[in-house]
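Right, one structure below, let's go through it.
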Amino acid sequence: MENYQIDNLDKQILHALMANARTPYAELAKRFNVSAGTIHVRIEKMKQAGIITGTQLTISTKQLGYDVCCFIGINLNSARDYPQTLIKLEALEEVVEAYYTTGNYSIFIKVMTRSIDHLQDVLINKIQAIEAIQSTETLISLQNPISRTVMP
């Protein structure tokens, strides 16, 4: 099922569910002029193909008090330190994303903190305290004007 090719109906279903994952199948069926059974079958096929990997609740980090978003480029002492460093970074609740990258950094992470003081604490006492980390560069985000996923 991994070679499942999506068609226009699948794309319409995905767009609708990305806008509101709680849309009832019957409503989708009516909107797209097909049966609710067809919607169910299509969604199940896309789940089996790994196109739909789950549903997610979206929260406002700002409303929860996380006002500072930053990106930190990390240089490791050695490439072999990557697996253990990743485990240590994953244990830090402030680290919300991590990428293994080419270019200037071995790892690029996104960090959310409540304040600049909180960021300083996380950076000095948690991230830079990881022995395998040789150096870091921190970029503070001023705003996030574009935030979206890939459209099918």
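The values are calculated or read from the model by the stated rules, or taken from the named source; none is laboratory data. What you are looking at is a predicted structure, and each value in this text was computed from that prediction instead of being measured. Quick reminder, even Gly has a Cβ in these numbers, built from the backbone with ideal geometry, and neighbours come from all protein chains shown.
Numerical summary
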| item | result |
| --- | --- |
| Single match in Gly103, Gly65 (criterion: loosely packed, with under 15 Cβ neighbours inside 10 Å and within 29 Å of Met151 (Cβ to Cβ)) | Gly103 |
| Pick from the stretch 70-94, criterion free of Cβ contacts under 8 Å to residues at least 24 places away in the same chain and among the aliphatic types (A, V, I, L, M), ranking: nearest to Val122 (Cα to Cα) | Ala91 |
| Cβ-Cβ under 7 Å pairs, at least 6 apart or on other chains, the stretch 112-128 side at pLDDT 95 or above, far side surrounded by 14 or more Cβ atoms within 10 Å (Cβ to Cβ) and in a helix (DSSP H, G or I) | Thr113/Leu119; Thr113/Val122 |
| Filter result (within 16 Å of Gln143 (Cα to Cα) and either assigned to a loop (DSSP other than H, G, I, E, B) or touching a Phe, Trp or Tyr at 6+ places or on another chain (Cβ under 6 Å) (or both)) within the stretch 53-78 | Ser60, Thr61, Lys62, Gln63, Gly65, Tyr66, Asp67 |
| Filter result for the condition that a residue is farther than 30 Å from Gln12 by Cβ, touching a strand residue (DSSP E or B) at 6+ places or on another chain (Cβ under 8 Å), at pLDDT 95 or above and among the acidic types (Asp, Glu), over Glu90, Glu97 | Glu90 |
| Residues of the stretch 20-42 satisfying the condition of being in a loop (DSSP other than H, G, I, E, B), within 30 Å of the chain's Cα centre (by Cα) and in contact (Cβ under 8 Å) with a residue 24 or more places away in the chain | Ala21 |
| Hits in the stretch 85-126 (condition: under 17 Å from the mean Cα position of the chain (by Cα), under 20 Å from Gln63 (Cβ atoms) and not in a strand (DSSP E or B)) | Glu93, Glu94 |
| Hits in the stretch 127-151 (condition: outside any loop (DSSP other than H, G, I, E, B) and in contact with a Phe, Trp or Tyr (Cβ under 9 Å, 6 or more places away or on another chain)) | Thr136, Glu137, Thr138, Leu139, Ile140, Ser141 |
| Candidates Tyr82, Tyr99, filtered to the one that is assigned by TED's automatic domain parsing to the domain that holds Arg114 and more than 20 Å from Leu119 (Cα to Cα) | Tyr82 |
| Positions within the stretch 14-64 being at positive phi and at pLDDT 95 or above, in sequence order | Asn33 |
